[in-house]
Amino acid sequence: QVHLVESGGGLVQAGGSLSISCVASGSTFAINDMAWYRQAPGKQRELVAQISRESSTFYADFVKGRFTASRDNAKNTVTLQMNSLRPEDTAVYYCNADYYGRDFWGKGTLVTVSS
């Protein structure tokens, strides 16, 4: 089992930056890929970025060049550095972990970008 806790969300002005983190606990040795998803009000949850144990990354087109995902396996932490934030980035951001093919989710952290 894996438990994920996100932190670092908040209110930021458009053009600003914010960093959110996710700490994993439990059977972390078996976690493969980790990812950040987001869900805006009235919209479906969507993939933002994915990072492997070896820190290979994938980014959704709408965040490429603005967001950077990083991972520290020793600290069981993944971080999403978000720059040049836009109002449309406003959403609850969820951490996701792939554990033996099963998905585990955190409860999310709210990021609000004001115009």
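Between Arg102 and Ser55, what FRET efficiency comes out of the Förster formula 1/(1 + (r/R0)^6) with R0 = 22 Å and r the beta carbon distance, rounded to 0.05?
With a Förster radius of 22 Å, E is 0.50.
Calculate the spin-label point distance for Gln13 paired with Ser84, positioning each point 7 Å from the Cα along the beta-carbon direction, and give it in nanometres.
1.9 nm
For the range 54-68, in order, what is each residue's ³J(HN,Hα) by Karplus, 6.51 cos²θ - 1.76 cosθ + 1.60 with θ = phi - 60°, in whole Hz (x at glycine and Pro)?
Calculated HN-Hα couplings, in order: 8, 6, 6, 10, 9, 10, 5, 4, 6, 10, 4, x, 10, 10, 9 Hz.
Hey, with R₀ at 30 Å, roughly what FRET efficiency would Asp72 and Ser115 work out to, going by the Cβ-Cβ distance, to 0.05?
The formula returns an efficiency of 0.35 here.
For the range 13-30, what does the Karplus curve 6.51 cos²θ - 1.76 cosθ + 1.60, with θ = phi - 60°, yield as ³J(HN,Hα) per residue in whole Hz, taken in order and with x for Gly and Pro?
So the J values, rounded to whole Hz, are 7, 4, x, x, 10, 7, 10, 10, 10, 9, 10, 9, 9, x, 7, 5, 4, 9.
DSSP loop trypsin sites (Lys or Arg not before Pro) in the range 11-111 with at most 14 other Cβ atoms within 10 Å of their Cβ, which ones? Write down the numbers at each step before the final one.
Working: sites: Arg38, Lys43, Arg45, Arg53, Lys64, Arg66, Arg71, Lys75, Arg102, Lys107; in loops: Lys43, Arg45, Arg53, Lys64, Arg66, Lys75, Lys107.
When the trypsin sites (Lys or Arg not before Pro) of the range 11-111 are filtered for loop state and at most 14 Cβ neighbours within 10 Å, Lys43, Arg53, Lys64, Lys75, Lys107 remain.
For Gly16, list long-range residues whose amide hydrogen, built 1.01 Å from N in the peptide plane, is under 5 Å from its own amide hydrogen.
Here Leu85 satisfy the definition.
Starting at the first residue of the range 2-7, write each ³J(HN,Hα) from the Karplus equation 6.51 cos²θ - 1.76 cosθ + 1.60 with θ = phi - 60°, in whole Hz, x for Gly and Pro.
10, 10, 10, 10, 8, 7
For the range 11-115, taking Cα atoms only, what is the radius of gyration to one decimal and the Dmax to the nearest whole Å?
Considering the range 11-115 through its Cα atoms, Rg and Dmax are 13.3, 41 Å.
Given the C-alpha centroids of the range 44-78 and the range 3-21, what is the distance between them in whole angstrom?
Taking the Cα centre of the range 3-21 as reference, the centre of the range 44-78 is 14 Å away.
Just to verify a number: what accessible area does Glu54 come out at with the full protein assembly present, 1.4 Å probe, Å² rounded to tens?
140 Å²
For the chain, which whole-number percentage of the solvent-accessible area (1.4 Å probe, protein heavy atoms only) is attributable to carbon and sulfur atoms?
Ligands and nucleic acids excluded, carbon and sulfur give 48 percent.
For the range 56-115, what does the accessible surface come to per residue with a 1.4 Å probe? Please give it in Å².
Each residue of the range 56-115 exposes 53 Å² on average to a 1.4 Å probe.
The values are calculated or read from the model by the stated rules, or taken from the named source; none is laboratory data. Please read all numbers here as calculations on a predicted model, not as lab measurements. Every residue, glycine as well, gets a Cβ built from its backbone with ideal geometry; the counts of neighbours run over all protein chains shown. Ligands, DNA and RNA are stripped out before the accessible areas are found, and what is left, the full protein with its side chains, is counted by its heavy atoms. Shrake-Rupley method; radii C 1.70, N 1.55, O 1.52, S 1.80 Å.
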